[in-house]
Amino acid sequence: MFYVAGALIIIFIYDLKHYLIPDKVLFPAIGVALIYRLFLNFSLIPNFLLATVIGSGFFLAIFLVSRGKWMGFGDVKLAILMGFLLGFPNILVALFLSFFFGAIIGVILMALQKKGLKSEIPFGPFLIVGTFLTLFWGSQIIQWYLNFFQI
């Protein structure tokens, strides 16, 4: 998994600088994550496939509806990796955190007049931050959230 973590760091920096997620880095990382899941616990594969379909399907819908204006196709592919890394329900935590931090940074950049409403901001770095936070604290975040609904 150190390989995948390194790939995510490379993608983070590359997308931040070039507004592009490189397939040469992403596809091998997807392959390594899939192989890791296949050998770690084969019975959990449906869980990770569900997470992959939810994550990439969500971004694919945004990509198709906007015709690529709101979100790039690299984010759709990055969500495949996220699904294989996180599984369900952790993919939901990562997506929420990604949008949450993306919105905060976007508002700050607009308040500082560094970006406008029509400016592009690469979303891959936010997806990667959400992924790392979820890898380390996803279960605790889910438990914390569910505690709000207990009486």
Filter the range 123-151 for residues that are without any contact (Cβ under 8 Å) to a residue 60 or more places away in the chain and of a type in the set (Ser, Thr, Tyr) and give the result. 134, 139, 145
The lone condition residue 114 fails out of (1) more than 23 Å from residue 3 (Cα to Cα); (2) in a helix (DSSP H, G or I) is (2)
When restricted to 27, 12, the only residue modelled with pLDDT of 95 or more, of a type in the set (Phe, Trp, Tyr) and either under 14 Å from the mean Cα position of the chain (by Cα) or farther than 15 Å from residue 81 by Cα (or both) is 12
Is it the case that some residue within the range 68-83 is surrounded by fewer than 17 Cβ atoms within 10 Å (Cβ to Cβ), touching a residue at least 40 places away in the same chain (Cβ under 8 Å) and in a helix (DSSP H, G or I)? no
Has the range 128-137 got any residue that is of a type in the set (Val, Ile, Thr), surrounded by 13 or more Cβ atoms within 10 Å (Cβ to Cβ) and within 19 Å of residue 53 (Cβ to Cβ)? yes
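The values are calculated or read from the model by the stated rules, or taken from the named source; none is laboratory data. Keep in mind that this is a model prediction, so the values were computed, not measured. Using ideal geometry, Cβ is built from the backbone for each residue, glycine included, and neighbour counts are taken over all protein chains shown.
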